[in-house]
Amino acid sequence: MSSTGSYTPREFNLRGLKGISDETLDMHFKLYEGYVKETNKLTEKIAEFIKDKNVDQEEMPAYSELTRRLGFEYNGMVLHEYYFDNLQSGGGIGDPAQSSQFAKAAETSFGSYDVWKTDFVGIGKMRGVGWAICYQNPANGRLSNHWITLHETGNVAGFTPILVMDVWEHAFLLDYKPAERPKYIEAFFSNIAWDAVDERLKKITGVQSARA
Ligand SMILES: [Fe+2]
């Protein structure tokens, strides 16, 4: 965020992914920049409405629409940053090392990494426009996978995004046909930056909270 309170698009050093072309990335970075710009624009417009400390009846329809759109644009910005940050330039190793924090957390939460992956990939293949996201509950360290419609519907309040996969068609349309989303998901897995994913995990020790 800049000193004036607006967000500046981040630069991501991602090139040479396996199965996801640089052209796709360039287009995707442009789309991400659009979310940052719209977030800033909406925040400014909403500030205009509330600066007289009153939202009157005539203002309510426009104010409501802008506020609803803010949820869409804001989550679009944030989720893309998580997504690009959990990819690795030049490609990754595929599945994580068994000794990794993530593999251990998946085993604790799902019984095994493979069962976790079955769920995450299954969610990624769901029909619709959105995201597959693995979250951690900071209260007890458990992982759970979720489908997010568009950018804003289904995010779990207070949970930490650990692995974020964009399954909007724009994430792969230059490289695969719309019906080939499973191939894109396979490519996504071959580029995951598991070290970055591990860093997002909160190390949970001691007695688990019942708040789950
Ligand atoms: Fe996207």
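For this structure, a couple of remarks:
- Here Met1 qualifies as modelled with pLDDT under 95 and either away from the ligand (no atom under 16 Å from the Cβ) or touching a Pro at 6+ places or on another chain (Cβ under 8 Å) (or both).
- Verdict on Ala196 being modelled with pLDDT of 95 or more, at negative phi, surrounded by fewer than 13 Cβ atoms within 10 Å (Cβ to Cβ) and away from the ligand (no atom under 16 Å from the Cβ): no
- Within the option set Gln98, Gln57, being assigned to a loop (DSSP other than H, G, I, E, B), more than 30 Å from Glu11 (Cα to Cα) and in contact (Cβ under 8 Å) with a residue 12 or more places away in the chain holds for one residue only, Gln98.
- Hey, Leu66 away from the ligand (no atom under 16 Å from the Cβ) and outside any loop (DSSP other than H, G, I, E, B) or not: yes
- Scanning region 175-185 for residues that are charged (D, E, K, R) and either in a helix (DSSP H, G or I) or away from the ligand (no atom under 15 Å from the Cβ) (or both) returns Lys177, Glu180, Arg181, Lys183.
- The set of residues in region 31-47 that are open to solvent by less than 20 Å² (accessible area, probe 1.4 Å) and among the aliphatic types (A, V, I, L, M) comprises Val36, Leu42.
- Unmet requirement for His28, which otherwise passes all of (1) open to solvent by 50 Å² or more (accessible area, probe 1.4 Å); (2) within 16 Å of the ligand (Cβ to nearest atom): (1)
- Within region 146-174, if we keep just the residues that are open to solvent by less than 40 Å² (accessible area, probe 1.4 Å), under 15 Å from Ile185 (Cα atoms) and in a strand (DSSP E or B), the residue that is nearest to the ligand (Cβ to nearest atom) turns out to be Asp166.
The values are calculated or read from the model by the stated rules, or taken from the named source; none is laboratory data. What you see is a predicted model, and the numbers here were worked out from it, not measured in a lab. Here Cβ is always computed from backbone atoms with ideal geometry, including for glycine, and neighbour counts include all displayed protein chains. Protein only, heavy atoms only, side chains kept; ligands, DNA and RNA dropped before computing areas. Shrake-Rupley method; radii C 1.70, N 1.55, O 1.52, S 1.80 Å.
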